[in-house]
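The values are calculated or read from the model by the stated rules, or taken from the named source; none is laboratory data. Everything numeric here is computed off the predicted structure, so don't read it as measured data. No Cβ is skipped: glycine too gets one built from the backbone with ideal geometry, and neighbour counts run over all protein chains shown.
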């Protein structure tokens, strides 16, 4: 992932480790969520939204429909861990993000430890229904990513 729009340094806690001393596989998804929240904060700032709701942008709550993790190298307690995300697609009711975790002094020069993706569906928890994406979402993502809006169209299945 080159020039990701939102980078974050991630803390590795002792409780994240498995009996072999590496970060447990389930924790990678937690790291992806922390990276997503970092991305959302940058997006909210650009959109002029000041208050997040439990890490989510008001009016843009979501549920995860699918997620993947490809493990490339183990992560250890002593590692310096960086995470980044990019928006791959934005549909009328959903979006997909790609994630990378790297160990090393910097993200750019780090060793790829994992990559993954997640498909999110905009959701209204009060109505328990899927909802359309907010009007501001696609244009703000395009500005943040430095890409034209049309480049985020999901592929037809």
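A few remarks follow.
- Unmet requirement for residue 49, which otherwise passes all of (1) free of Cβ contacts under 8 Å to residues at least 24 places away in the same chain; (2) surrounded by 16 or more Cβ atoms within 10 Å (Cβ to Cβ); (3) touching a strand residue (DSSP E or B) at 6+ places or on another chain (Cβ under 9 Å); (4) part of a loop (DSSP other than H, G, I, E, B): (3)
- Top-ranked residue in the stretch 1-39 [being in contact with a helix residue (DSSP H, G or I) (Cβ under 8 Å, 6 or more places away or on another chain) and assigned to a loop (DSSP other than H, G, I, E, B); ranked as farthest from residue 109 (Cα to Cα)]: 24
For every residue, the table says whether it meets (1) touching a helix residue (DSSP H, G or I) at 6+ places or on another chain (Cβ under 8 Å); (2) on the phi < 0 side of the Ramachandran plot.
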| site | (1), (2) |
| --- | --- |
| 48 | no, no |
| 76 | no, yes |
| 85 | yes, yes |
| 111 | no, yes |
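- From the options 71, 31, 99, residue that is over 25 Å from residue 141 (Cβ atoms) and in contact with a strand residue (DSSP E or B) (Cβ under 6 Å, 6 or more places away or on another chain): 71
- Evaluating residue 61 against the criteria (1) touching a strand residue (DSSP E or B) at 6+ places or on another chain (Cβ under 7 Å); (2) modelled with pLDDT of 95 or more leaves one unmet condition, (2).
- Exactly one residue out of 70, 81 is at pLDDT 95 or above, surrounded by 14 or more Cβ atoms within 10 Å (Cβ to Cβ) and under 19 Å from residue 117 (Cα atoms), and it is 81.
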